[in-house]
Amino acid sequence: MFFAGIDIGGTTVKSTIMNEFGRIVYQSTIGSVKGDPYQLAENIATGLSGFRSPITAVGLSCAGTVNRITHTITAANLKWMEVPFESIMEETLHCPVAADNDVAGALCAESRVGCCVGEKYVVYISLGTGIGGAFLVDGRPFRGFDNTGGEIGHFITHADGLPCPCGGRGCFEQYASSGSMTRRAGVPIREIFRQVRAGNPQMIAILDDYVHELCIGLAGIVHIFRPHMVVLGGGIGAAGEELLGRVRNEMETHCPSIPNTPMPLFVSAMLGNLAGSVGGCFLAGDIMGVPIHVEDMNALLRAK
Ligand SMILES: [Zn+2]
């Protein structure tokens, strides 16, 4: 059996095909298509056509809100409004297809083969141009009634603050997305961290302000969900200890103290760009009732 996981972003679409033993047998990356889901489905099918065996099921990891009651996806970065993309893909590929939010897919992958295997209470926060979130509560994904819960990015951290594309004001992602920091610094993330390591006081101040905003939001989330582990993923999550060390310090010194409970573990996501498509493979296995058991985790990790 072969399960395809497809990570659909606004710029690229990454596909991974895995067998039931978790061995990656095929990977492809194609350009994305905005505003035309039928063309995108055709392009995905073409991208998968290099794999000659029949695909058993497909799991989609998609940025945006994936409503599991209406089976539609709304995604600003793809210019989609309530697109029934699961059924479009089923008609194109002639196999069962299920979709989930890309951050939920990434957390699913990390919890089965990555940084939080065996953990039951996890918050995954994806720090990119926006902020995405996903939760494990008692080992199960927390989704809200229609699968659109977990939107950490629109958790309001500033009363009457900056306007957000969601229509609200003061949303967390206006202050703690990597975009908010690069706008202020005027240079890309990698350059910010390079200058911080070189001791540039201006960049250190910008990073410290950013970490403060991030920790204000994280403190609220930790109070509510009391995770054992907080995973930082997305573009800036890759900054690793440079960021994590500051976050741990800030959480200890500036956030409201929580008596009698230890601080969660703060870790970086492990699977990088592979997380969304690998999460899609697991989703595809789950909908067929065939949980994929990864026999060689190191081989899978090398594939990223
Ligand atoms: Zn918002």
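No value in this document is a laboratory result; all are computed from the given coordinates. None of the values given here were measured: they were computed from a predicted structure. Heads up, the Cβs are rebuilt from the backbone with ideal geometry, glycines too, and the neighbour counts pull from every protein chain shown.
Quick notes
- Count, lysine Cα pairs under 21 Å in the chain, 8 or more residues apart or across chains: 4
- DSSP bridge orientation in the chain - percent antiparallel, rounded to nearest 5: 60
- Note on Leu301, Leu283, Leu48, Leu274: ascending count of other Cβ atoms within 10 Å places them as Leu301, Leu48, Leu274, Leu283, the fewest first.
- Likely footprinting exposure, Tyr210, Tyr121, fewest C-beta neighbours within 10 Å first: Tyr121, Tyr210
- With respect to the chain, whose longest principal axis is taken over its alpha-carbon atoms, helix 37-48 is tilted by about 70°.
- Helix 102-113 and the longest principal axis of the C-alpha atoms of the chain enclose an angle of approximately 90°.
- Residue-wise HN-Hα couplings along the range 164-174, as the Karplus relation 6.51 cos²θ - 1.76 cosθ + 1.60 with θ = phi - 60° gives them from phi, are 10, x, 6, x, x, 10, x, 5, 3, 5, 6 Hz; Gly and Pro carry x.
- Calculated mean residue ellipticity at 222 nm for the chain: -11500 deg cm²/dmol, from DSSP H runs with n ≥ 4 weighted as -39500 (n - 2.57), summed, divided by the residue count and rounded to 500.
- Crossing angle, helix 241-253 versus the chain [Cα axis fit, 0-90 degrees, rounded to tens]: 50
- Interchain or long-range residues, amide H under 5 Å from Gly133's placed H: Ser126, Ile152, Gly153
- Sorted fewest first by neighbouring Cβ atoms within 10 angstrom, Phe172, Phe2 come out as Phe2, Phe172.
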